[in-house]
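Contents: one structure, followed by commentary.
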Amino acid sequence: MTVQTRYSTHSETLKHYLTGTVQPTAHSLDAEFSALFGAFEQLAKLGLLLPKTPKELGGLGLDTSAYQQFQSGIARYSGALAFLQTQHQSAASLLLSGENDGLAQQYLPKMATGEVCLGVGFSQLRRKPPTLTATPVSNGYLLSGEVPWVSGYGLFTEFVGAAVLPTGEAVFGLLPLTSQQTNGQIAISQPMKLAGMNATNTVQVFLEDWVLPAEKVVGLRPAGWIEERDRANPLSPLGLIFGCSQGALDVLMQSLERRGMKHGIAQQLQMKLAWQQTNAARVTALPPDAYPQKLALRGRAISLMNTCAQAAIVAASGAANALDHPAQRIYKESLVFSVSGQTTDGAAATLDGLLSSL
């Protein structure tokens, strides 16, 4: 069976689950972590947790384009669920690309079934000075500092974190997402109160002289790795952005129909979204030196997403101010996806996209 055939089969399964179960409960998934975690566990039962991971390790083996469609499909109905699935997939990808093959072979099949659920916490590598540092010791590395963002507390038992060595290199390793004092000290904050996707249970993790044992080391990355990664993959959140845009258009069209309004904005925005999705396939395939073009596409996509979300708010009228209205949920999701994985270049491109829409 080919990858495309397998994806078509799982695509139908995913669509049925999203329209039949996720869409009617999207507000609960956004507001209640227990409901969101239950939806995540259902993805596991359907075999949909690791779409990018090779089939032999329990995944679907989707390529970049197919995975973008997968992400978009979930984000259309629940940004919070799409966000958690992306975190889990990112952890799997880091394990797969790491140097510790034994760790990857041990964890990935269990991650595919949901027996083990992992998050990620390496955005601190973008901060200067680094908030989490590592010192080599005889049995691994000694970690001290803070991981400012880790989502999925209460669902993810561990996360792939990253600390900066004196050489400037980054060491990646599996860290427990629970407070412990066995190999040093790990403390977990209370879940942050967030405007968007609050149910993802995002926390801060504080480490003091925590020993990361050699067997839990995922791998080492050279100094500047995060900057190179950001430059090589500026379009990685496009699936989430496109999905949020489509979700906003769904709400917009429902509100216009409910009010009997004959306005052409929905059709115009739908055409613009379709054009961006088609153009994205072409731009994604461009070589690395097309970085400015890729950044520009990302900025325009975020601008369109925010326009779609704003239109959904306006069409819903005063009802959109209710916390349980879908337009409000999507508006907050657009806030999160506007800044997810953001760099200085990414912020500039997003602001450029907003300017071009004036």
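Bear in mind these aren't lab numbers, they're just calculated from the coordinates by the rules spelled out. Computed from a predicted structure; not experimentally measured. We place every Cβ from the backbone using ideal geometry, glycine too, and count neighbours over all the protein chains shown.
For this structure, a couple of remarks:
- S34 versus T278: modelled label distance in nm, points set 7 Å from Cα along the beta carbon direction: 4.8 nm
- Taken over segment 92-142, the convex hull of the Cα atoms encloses 111 Å³ per residue.
- Where the Cα pairs of segment 269-349 fall when distances are cut into 10 Å bins, in %: 18, 40, 30, 11, 2
- In a DSSP loop and with at most 11 other Cβ atoms within 10 Å, the GluC sites (Glu not before Pro) in segment 114-183 are E115.
- Reported to the nearest whole Å, the Cα centre-to-centre distance from segment 49-119 to segment 204-280 is 16.
- Semi-axes of the equivalent ellipsoid of segment 249-303 are 32, 9, 7 Å, computed as sqrt(5λ) over the eigenvalues of the C-alpha gyration tensor in descending order.
- Listed pairs K15/K55; K216/K294; K15/K52; K110/K216; K52/K216 exceeding 28 Å between Cα atoms: K216/K294
- Helix-only CD estimate at 222 nm, as mean residue ellipticity for the chain, using -39500 (n - 2.57) per DSSP H run (n ≥ 4): -17000 deg cm²/dmol
- Debye intensity ratio in log₁₀ form over the Cα atoms of segment 296-340, taken at each q of 0.24 Å⁻¹: -0.77
- The calculated Kirkwood hydrodynamic radius for segment 125-227 is 14.0 Å, given to one decimal from all distinct C-alpha pairs.
- Sparsely packed trypsin sites (Lys or Arg not before Pro) within segment 257-350, loop by DSSP, other Cβ within 10 Å at most 11: K262
- Equivalent ellipsoid, segment 179-265 (semi-axes from 5 times Cα gyration tensor eigenvalues, Å): 43, 22, 9
- Length-normalised contact order for segment 250-334 - Cα pairs under 8 Å, 6+ apart - percent: 35 percent
- Under 5 Å, built H, 5+ apart or other chain: amide partners of V137: L142
- The P(r) of the chain has a tail past 38 Å containing 16 percent of all C-alpha pairs.
- Prolate/oblate/rounded call for segment 206-306, Cα gyration tensor, a/c under 1.5 rounded: oblate
- Where N is the number of residues in segment 30-120, Cα Rg divided by 2.2 N^0.38 Å: 1.03
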